[in-house]
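Written out below as structure tokens is the structure these notes cover.
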Amino acid sequence: NGPMDVIVLNGGAERNATTGWSVPAAETLTVVTTAPRTGSYHFQLTAVAAGNLMRQRLGQTNGTALENQHGNPEVYRSRSITIYAYARYAVGTSASARVNIVDSASTTNGTTVALTTSYQLISATRTVDSAATALRWEIEVTAQVGAPNVYVDDVFCIPAGGSQFKQAVYGVEELLYNGGAEITDTASPVNTWTVTGTGVSGDNALALSA
């Protein structure tokens, strides 16, 4: 299982599709099964030049209540958010990568990391502009040799203060995925869940209050 679809959509490629993600230029983005970090799938970004990237705009949803509630950039105005991703490259090539967070006012570039053949965590943190009307995140290949295949898995977001949502689950079993854990809620009509995490291991936690 990949990370939970609350803010970042399809962050672990577990839909076996690039749903929610796009590429702006000559690079290609696919989903493959060769040695993902978690789950059965991960993204393969083939970069032909420095600056090639995969990106996602906040609000690209498939219509679930959780995604719709968190798809409004105004929710994150003046709040700090951190986007995390795991990245590596294929044997015989080399590449560096970083995470970028872009709102309608400006951009924050995360630290550039020299990738290896093992997955490692990359991230960026930005305080969203107080008047932001758009928000997106990018996984950018900042340097490359030999048009490498860069693999990306388990992209997720932790906003300052966590991310709270309410879900009506009366009479219907709601199955939530959280970093590999499955949580089943069949209890009260309305529950409040808070998504939190340390950002160290890539695992989130769910706290429940009735």
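Points to keep in mind about this one:
- Scanning residues 5 or more positions from Leu135 or on other chains, those with amide H under 5 Å from its amide H are Leu58, with H placed 1.01 Å from N in the peptide plane.
- The simple Förster model, with R0 at 41 Å and r as the Cβ-Cβ distance, assigns Ala131 and Thr19 a FRET efficiency of 0.90.
- 3J(HN,Hα) along the stretch 7-20: 9, 7, 8, 6, x, x, 6, 6, 7, 6, 7, 8, 2, x Hz, from the Karplus curve 6.51 cos²θ - 1.76 cosθ + 1.60 with θ = phi - 60°, whole Hz, x for Gly and Pro.
- Spatial separation of Cα centroids for the stretch 73-100 and the stretch 122-138, in angstrom: 12 Å
- Summed residue charge, Cβ within 11 Å of Ser130's Cβ, Lys/Arg positive, Asp/Glu negative: -1
- Derived scalar couplings ³J(HN,Hα) [the stretch 35-45; Karplus, 6.51 cos²θ - 1.76 cosθ + 1.60; whole Hz; x for Gly, Pro]: 6, x, 5, 9, x, 9, 9, 8, 8, 10, 9
Bear in mind these aren't lab numbers, they're just calculated from the coordinates by the rules spelled out. Keep in mind that what you see is a predicted model, and the values were worked out from it rather than measured. No Cβ is skipped: glycine too gets one built from the backbone with ideal geometry, and neighbour counts run over all protein chains shown.
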